[in-house]
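Before any comments, here is the structure.
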Amino acid sequence: MKNLKEKTPDISSFQCPSSPSSYFLSFEGIEGSGKSTQLKNLKSYLEGLEYRVIILREPGGTAFGEKLRGAILASEEALHPIAEAYLFASSRAQLLNQVILKELSIKKTVVICDRYIDSSIAYQGHARGLGTETILKIHELPPLNSLPHQTYYLDIDLQTSFERQKARGNEKDYFESESKKFYQKLIQGFKEASRIFPDRIKIINGHLEEERVSADIQKYVNRLLGISH
Ligand code: TYD
């Protein structure tokens, strides 16, 4: 018998924006996974293929979203998980409406988002314990039901994340000061998201050297764009 925990939630209300020559991509991963570097590398690669590339970050990307970002990341009091989930969703809805969907209506455009719904599944759904179903439910209504065409999850283990964070030595924000247990749950959350969206989410080994990770991502993006090498 199938374990109840393994039940696949209903994702029928979700869709990828229909944009014949334009694409919506996202990057996911825990701190230190190499998202920023790989985002830049993918941007250059796609520009080389003559795509117009728009990079956005979540939360943020609009004036309102940036205010929410500041409010969340600088918060000195613990937010209720539901408050967190709706704040991220508000920022996302504005970003979709004001930027993402409009940009995708322009030919040969690629919108790349640094984090998107899978971060909500991992952080608020899993690590904060709201559950994946709650996060999916919050995203049922348009424009929140829009999904990227492809998502790259840069998979690194806990130890690598902590080593890379330590090497950076930056001051820690709201989420970065969380415990190892929290990070462990995040990893499980991203794995859970990949199980629910196996076609969209590509698991990339983030322990490999930079060029190798970029090549793995390019392999998937080529497939999406119909490029054969
Ligand atoms: P950021 O500094 O952009 O983190 P990173 O460089 O690791 O991407 O801060 C965004 C933080 O917000 C990050 O810790 C993850 C968290 N987050 C959520 O908890 N839920 C969400 O839906 C999103 C988009 C981000």
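The values are calculated or read from the model by the stated rules, or taken from the named source; none is laboratory data. The structure presented is a predicted model; accordingly, all values stated were derived computationally and were not measured. No Cβ is skipped: glycine too gets one built from the backbone with ideal geometry, and neighbour counts run over all protein chains shown.
For the range 113-124, indicate whether the set of residues that are within 13 Å of the ligand (Cβ to nearest atom), surrounded by fewer than 20 Cβ atoms within 10 Å (Cβ to Cβ) and under 18 Å from the mean Cα position of the chain (by Cα) is non-empty.
Yes; the residues of the range 113-124 include at least one that is within 13 Å of the ligand (Cβ to nearest atom), surrounded by fewer than 20 Cβ atoms within 10 Å (Cβ to Cβ) and under 18 Å from the mean Cα position of the chain (by Cα).
If I ask for residues that are aromatic (Phe, Trp, Tyr) and either loosely packed, with under 13 Cβ neighbours inside 10 Å or more than 11 Å from the ligand (Cβ to nearest atom) (or both), which ones from the range 1-60 would you list?
Result: Phe14, Tyr23, Phe24, Tyr45, Tyr51.
Of (1) more than 9 Å from the ligand (Cβ to nearest atom); (2) within 21 Å of Ile11 (Cβ to Cβ); (3) touching a helix residue (DSSP H, G or I) at 6+ places or on another chain (Cβ under 9 Å), Leu96 satisfies all except one. Which?
(3)
Taking the residues in the range 175-188 that are near the ligand (Cβ under 9 Å from one of its atoms) and surrounded by 15 or more Cβ atoms within 10 Å (Cβ to Cβ) as candidates, determine which candidate is modelled with the highest pLDDT.
For the range 175-188, the residue satisfying everything is Leu186.
So which residues in the range 61-92 are more than 12 Å from the ligand (Cβ to nearest atom) and among the polar types (S, T, N, Q)?
Result: Thr62, single match.
Just checking, how many residues over the range 165-186 are touching a residue at least 12 places away in the same chain (Cβ under 8 Å) and either part of a loop (DSSP other than H, G, I, E, B) or polar (S, T, N, Q) (or both)?
7
Does Ile82 fit the bill of being surrounded by 15 or more Cβ atoms within 10 Å (Cβ to Cβ), touching a residue at least 24 places away in the same chain (Cβ under 8 Å) and of a type in the set (A, V, I, L, M, F, W, C)?
no
Quick one: count up the residues across the range 99-109 that are within 11 Å of Leu56 (Cα to Cα) and away from the ligand (no atom under 15 Å from the Cβ).
0
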